[in-house]
Each structure stands twice: as C-alpha cells, then as structure tokens.
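The values are calculated or read from the model by the stated rules, or taken from the named source; none is laboratory data. Source: prediction; values computed, not measured. Please note: Cβ atoms are built from the backbone with ideal geometry, for glycine as well, and neighbour counts cover all protein chains shown. Keep in mind that these areas ignore ligands, DNA and RNA; they rest on the heavy atoms of the full protein, side chains included. Shrake-Rupley method; radii C 1.70, N 1.55, O 1.52, S 1.80 Å.
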Amino acid sequence: VETVCDVYMAVVGCPQPIINHADVAAHFSLAVQESMKHLCHRIAMSDLDLQHEDPDDSPTMSLKQLAEGGHLKVRIGFNSGKLRAGVVGLECPRYKLVGDTVNTASRMESTCVPGKIQVSASSKEKLTPGVFALEDRGEIPVKGKGTMKTAFLTGYADGAGMQNRRILIEHGSDEDGDDDFGGSEEVKPPSREESPVGFSASLRVQNRARWREDFNRYGVFNISETPELAGHRRTAFMAVSEGTPRSSRCSSFEKLHMLFLLVPPSQKSPEWIHMLRQDKPIYMEDTLEKRVASARNLTIIWLIVLAAVSIIDIWLDVVKDGSNEYRLAILFRAIGNYIIGLVYLLLITNQALFRRYAQTLTLSMLASQGIALLGCGHIVYDSDPAIIAIFGAYVLFYKVITISQRLTLCALAVLGYVLFEITSCDSTFAVPTEIGRNIGFLLIFFIFMACGVRLEEHLEHVAHYEQRKATSHLKEIDRARAASSGLLENLLPRHVVEQVADGVSPIAEHFDNITIMFTDIKGFTALSSQISAHELVDLLNSMYSAFDEIIVSWSLYKVEIIGDAYFVSAGCPPSPHLESLSADNWAMRAVEVGLALQRALARVTEDDSLQMRVGLHTGSVVAGVVGKKGPRYHLFGTSVGYANKMESSGIPGKLHISAATYDLLVSGGHEYDFQEQTLEIEGEAKLQKTYLVTKSKNKAALRMQKEIIQQRRASGRAARSATERDESTCEASRSTM
C-alpha cells in the first residue's frame, strides 16, 4: 500500500477478501524476516564499502560492517480488524486505507523490538492454532492506546523454515459469508535460487500466469468482436452472399468457389475464410468510395469506346450502305447503352440512393447494356463472340456487385449468344461445330478472367484487413504508451518520467536545503469509525482534493498520503520554471501551505473536533524511485524522519517547525509570529529548540496568495465558459437534427 522512507506497509484481505488473512500476513512477515537475513548475508559476502555516519557520533561503519555486525534488522508489526478503503486525491490519486486498525498496526511496528515480529491480540486470535510459534510479550504501553497485550511471532510450530512450505490462501470473507468469493489456492514461496533476494518477493499464486495470458490475449485484434461490426448498418454493399458466415456445413457453390480461389492452401483454412467473411461488411464500407469511383470511370470508358465504335459503324454501314436495319441496331444500342449509362452516372452522384440500391441499379444497367449489345452485335457484327468476351470482361471489373452476380451476367450473355445462333440456324436445330468452339472459348475465357479478378479482390481484402489490423495494433500501442505515461506521471515527477523513458536506472538524486512537511489530523480516526465507508471516502476526497489544489498552487510536491496524513516536499523534485527559487523561498511556501491546509480543513469538514498538526524541517535528502509494484518517488534521510517528529510532537491546530527551518525563514526576511519552545524529541539525545508559527505577516506571501486566487477565479470562469459553449453546441446540433 505504502512505502514511506524505510517503512513498508502491506495489507491482506483488501480489496480482495481472504478468509485466513492473519495466516497469510504471518507467512509474509516470516518471509520478510528471512529475506532480511539473506540480504545481510549477501551484503557481508559482497565488496560493498559504503560509509554510514552513525547519528551518535560513533566511528563510521561501512554497509558491509553493519551487515556483518547484525545492525540491519527489520521491525514488523501487524494487526487485524476492520478498515475503510477507497481512492482519494485530486493530484496523484491513491488507493488508501483508513481506520483504527491501520493505526494499531503502525503502533505494533513502532513498539516492536528490532528483528522481531509483533502481533496484536486481535491478530493472535485469528491465527490458525498449531501452525505458528508465538511468545507472549505481556502488556506494553502504546501511544494513544494505553496498554496492550501483544505477542512475538517467532516462527513455525513445527520448527521448520519456509523452504518448500505450501501456503493455503482461502478467498472469501470470514464474517458470516459476506462478500464470499469462494475457492482457495495454494502458493509456494520462491526458493533462494529462484529469487536473488530470498523471500522478499510477494507470494506468487499459481493462476498468475493464466491471468497474464488472458490479459495479453485481450489486446489481440479480433474483428469478429469489434463494435463496428456488431453495429454496422446493413446496406446494398454489405448484404453480399460471401459475407454470410456458415457455421458448419459448406455448400457445393462454396466448395467450387474455394476451388477457383488461386491462393496457397494455407490461405484457404476455414478459420481464415470465416474471419474474412465476417470482415467483409467493414471492408465493403471502407472501400465504398473507391468502388464507386471505379464504377464511374469504367462506365465512362465503356460509353466512350461505344461512341467511337458507333461512329465507325455509322460511317461504314449506314452512310455508305444506307441500310435501315443498321440504323435500327445502332439506335437500339444508343438507347440500351448511352441513355442507361448516363442515368446510371447521374444516380452515382447521390450516394445515399446509390448506397441503398447499388446492386439493383448496377445489375439493371449491365443487363440493359448486355441486351442492347447482343441485339446490335447480331445485326451489325453477325454475332461475333469477341463482342460477348469484351462485354464479359467489362462486367467482371464491376466491383459494386458480387463475383457470383457478375458470373451470372456473363453466363446470361453466353446463353443469349447461343439463342441468337440457334434462331439463325436451320429448323433441325443442329448447332454447328464453330458455335460449340465459340461457347467453349467464352466459358474458358470467363472462368480464367473471373479467377484473376477474384484473386485480385481477395488480395485487396486481405491487404485491407492486415493494414487495419496493423493500424489497430499501432493504436493499441499508442494508447498503452499514453496510459503508461499517464500512470507514470501520476506516480512519478515529470523529470523522473523522462529519465525512465531514457532508460536511466537506478534513479537517485541528492538535494540540499529541502523543506519537508508532515501533517496529521487529530480526531479523524474516531470520526472514521462513526460514518459509513462511502461517507468517509467522500469526506476524504473533498478534503484531499482541497489539499491537493493548495499544494499544486504553491508548486509543492505531494510525496505520499498515509491514512489521514500528508507527506509533502518543497524544492524537491525541481519544479519547471522555478529552479531559481532559493531555499528560504521554498521554506516560506511550505509554511504558507501548512497554514492554508489548516484553514482548508476547517472549511471542508465544518467540524471543530478535527484539528491538523503540521510539522516542518529543512535539510538534505536523497530522492529516488523505489519499488517494482507501484513504483514511487520517495525521499530518504534523517531530515525526513526529523520532519515526521516535528509533526508527532506538535500541537493540534498549530504549525511546528524545526530550528533549521526557522533560521532559513529569518535569513530570508520572511516575517511570521513565532513562539519558541524547547522540547524533548523522541530519538534525540538533547533537548531540541523548535518554534510554533502562530501568524503570517509575510507581504510577499500575501501577494502570491492574491495571484493564486485570481488564477483560480480566471480558470473557473474559463471552465464555465467552455461548459456553456459545449452546451450551446449540443443544443444547436439537436435543433439542427
């Protein structure tokens, strides 16, 4: 859930309910403890010689010496109970846990002995008897809780370690079956050979690979499941016989159709052909304009060719011979071809009409042209089969109708040719050998011509499908990159995201004179137990959204939210266009933000029982990206811990700052009313001089506040005007419709 400096927070049973959540937490705690031992062993065996300054001014020790001396130990504490969870925050939203259970778990860790695992009484009751070894610690004083009875988790009851131990995770709820997801699964902790850092990896469930496989499969382009196909309108271009999927049986026509598709057998698999049939409506719709343009150009070329041929025929046959029979044939050709063709060209310009009646209009035009050509050819050209072949080639290139419809027109043209030839023969109906040869020639010509045209259209469809598939994949990649970038920008500062994109690893930076701020709300835990989960999340969202707006306005960085507490830094990471700001200016901004947060809390909650403690300290920090699951940009160093102590030792409703921050503010000439005090700070050997900020008299801060308010008002007016424009645009579009 959280990583704050060297503090690690995890949860079991939320958001997915787990019945034996206490057992899983105990297994995890023992695995972390074992991992720490393994890590110390690796450091001791390595050549690391990093120096470490002891806070007690003792001689410096290297990291290797710390590991060998057993100084690197992990404190673990866990507690079981009810809590509230939800996504909160305007800037970098987070999934957060709130409730007394969280606070008690934190107390279990802070009061634990280094190298031990401390268990609360509620968790001890939920542990499965006979599995774990427990050592009663008795009653201990706990801040804000009085005395509590706790125990140490020392290992497993059988004395064995975690090696090859199988762990049962029972999914569901342990309270009256509520939210019961049911089922269980076994997990096996990774061995040291599998994980170079021992057991620090989280428990890996057996179905994770299956889930990843399903997740990866989700992004694969599948046209049969696209919304465009499901919602496409049926039009004359879409209602094609080839586009109708056949589930199991295959007709003789389809077998013949596949036989004459001149592609490799791998391109004729039933799955591939079925997918192309399902994709056919989209392909036909996407290529509509192209096919309309092809039909228009083809019709114009045909009419021009016929016009040139008619001029030659008129000059050779009508003018010279003066035959009325030729005049009638040419007139018949003019009506059947020119007039029908010109009407067809006129109808093409109306796309709505042509889209609806495309096949009917095209078939009617081609049939009329075929009849006129047959009659004219019989009279003028003595039924030359070349005329039928030319007409068939012309028909086969009309892609606005299906290949089967085009072949039908070609077959009818051949049939017309046969009928004309039969009527011109003797009464014995004996078909001459020459007619048979002509019919054979026409059939073979049309078959090969149709195969070529069909292959061309099939390859065009495949190319269109593959191109659209590749485009879809590229869009998916772009969306994934945008989502990844957006997610990273929600988790990490912008300059760190750029370093991640450049492949920089590890990302670690050192900053001096950084002001750290911690906040905590007194009375919030009690309030959270009195309201519902939805009310609590709504309150947190209202409160944190107001806080985030203040922090962003003053260009500070929200490092983390811990329950109802805020962790904020001023001057780290570096803000764009503000690199020249001095450390005292950043300290002033942090003080102003702390005062503004206290005012915002009272305004948002309208509850006097809720008061905010704010603690500030200025010093050096190390910043870097840590974690593989949900990486975070975190700050490390004694300055962070000291700022946290400023908050915990502060007074509710007051802003508590360290002497370092006070000196920086005074040296920068920032005027505030201070109240000096000397306190005993936990973990510090000497009494510490600190200050309470009671009032701001900083004129520069007041000017900045006015500018921020004006910017908010201007942005609010701009947002309202944009909303009004959108509403007026929608109303105008509705009235137009």
Matching option when the condition is open to solvent by 60 Å² or more (accessible area, probe 1.4 Å), small (Gly, Ala, Ser) and at pLDDT 80 or above, among Ser658, Ser667, Ser639: Ser667
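How many residues are of a type outside the set (Val, Ile, Thr), farther than 13 Å from Thr299 by Cα and free of Cβ contacts under 8 Å to residues at least 40 places away in the same chain when one looks only at region 337-360?
3
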With the requirement that a residue be touching a residue at least 12 places away in the same chain (Cβ under 8 Å), outside any strand (DSSP E or B) and open to solvent by 50 Å² or more (accessible area, probe 1.4 Å), what does region 608-626 give you? Ser609
Of the residues in region 241-279, those that are at pLDDT below 80, of a type in the set (D, E, K, R) and part of a helix (DSSP H, G or I) number 6
Just to check your reading of the model, which residue among Glu682, Glu676 is in a loop (DSSP other than H, G, I, E, B), among the acidic types (Asp, Glu) and open to solvent by 90 Å² or more (accessible area, probe 1.4 Å)? Glu682
Cβ-Cβ below 9 Å, separation at least six or inter-chain, first residue in region 1-23 and open to solvent by less than 30 Å² (accessible area, probe 1.4 Å), second among the acidic types (Asp, Glu) and at pLDDT 90 or above: which pairs? Ala22/Glu125
Residue check, Pro631 within 21 Å of Ser110 (Cβ to Cβ) and of a type outside the set (Asp, Glu): no
When both residues are 6+ apart or on different chains and their Cβ atoms are under 7 Å apart, which pairs have a first residue that lies in region 295-309 and is of a type outside the set (S, T, N, Q), and a second that is open to solvent by 40 Å² or more (accessible area, probe 1.4 Å)? Leu298/Phe397; Leu303/Tyr338
Name the single residue that is surrounded by the fewest Cβ atoms within 10 Å (Cβ to Cβ) among those in region 268-280 being of a type outside the set (A, V, I, L, M) and under 14 Å from Glu457 (Cα atoms). Arg277
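So which strands (runs of 3 or more DSSP E) stay within region 86-196 end to end and still have 3 or more residues that are modelled with pLDDT of 80 or more and surrounded by fewer than 17 Cβ atoms within 10 Å (Cβ to Cβ)?
132-142, 146-156
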Could you go through region 317-340 and let me know if any residue there is at pLDDT 70 or above, within 51 Å of the chain's Cα centre (by Cα), open to solvent by less than 40 Å² (accessible area, probe 1.4 Å) and not polar (S, T, N, Q). no
Enumeration of residues in region 677-694 that are in contact with a helix residue (DSSP H, G or I) (Cβ under 9 Å, 6 or more places away or on another chain) and at pLDDT 85 or above: Gln688, Lys689, Thr690, Tyr691, Val693
Applying the selection to region 280-294, what residues are in contact (Cβ under 8 Å) with a residue 12 or more places away in the chain and assigned to a helix (DSSP H, G or I)? Lys280, Pro281, Ile282, Tyr283, Met284, Glu285, Asp286, Leu288, Arg291, Val292, Ser294
Single residue of region 519-542 satisfying the filter (open to solvent by 10 Å² or more (accessible area, probe 1.4 Å) and not in a helix (DSSP H, G or I)) that is modelled with the highest pLDDT: Asp520
Can you spot a residue in region 578-589 that is open to solvent by 50 Å² or more (accessible area, probe 1.4 Å) and in a loop (DSSP other than H, G, I, E, B)? yes
List pairs: first in region 541-560 and under 13 Å from Pro493 (Cβ atoms), second crowded, with 22+ Cβ neighbours inside 10 Å and of a type in the set (S, T, N, Q), Cβ under 8 Å, 6+ apart or cross-chain? Leu556/Ser569; Tyr557/Ser569; Val559/Ser569
When every residue in region 647-664 that is within 42 Å of the chain's Cα centre (by Cα) and part of a helix (DSSP H, G or I) is compared, the one farthest from Val568 (Cα to Cα) is Ser648
Does region 554-563 contain at least one residue that is of a type in the set (S, T, N, Q) and open to solvent by 10 Å² or more (accessible area, probe 1.4 Å)? yes
Is it the case that some residue within region 575-590 is of a type in the set (Asp, Glu) and within 36 Å of the chain's Cα centre (by Cα)? yes
Is there a residue being in a loop (DSSP other than H, G, I, E, B), free of Cβ contacts under 8 Å to residues at least 60 places away in the same chain, exposed (fewer than 15 other Cβ atoms within 10 Å of the Cβ) and over 58 Å from the mean Cα position of the chain (by Cα) anywhere in region 432-444? yes
Under the condition of being out of contact with any Asp or Glu (no Cβ under 6 Å at 6 or more places or on another chain), assigned to a helix (DSSP H, G or I) and of a type outside the set (A, V, I, L, M, F, W, C), which residue from region 543-559 is farthest from Gln598 (Cα to Cα)? Ser553
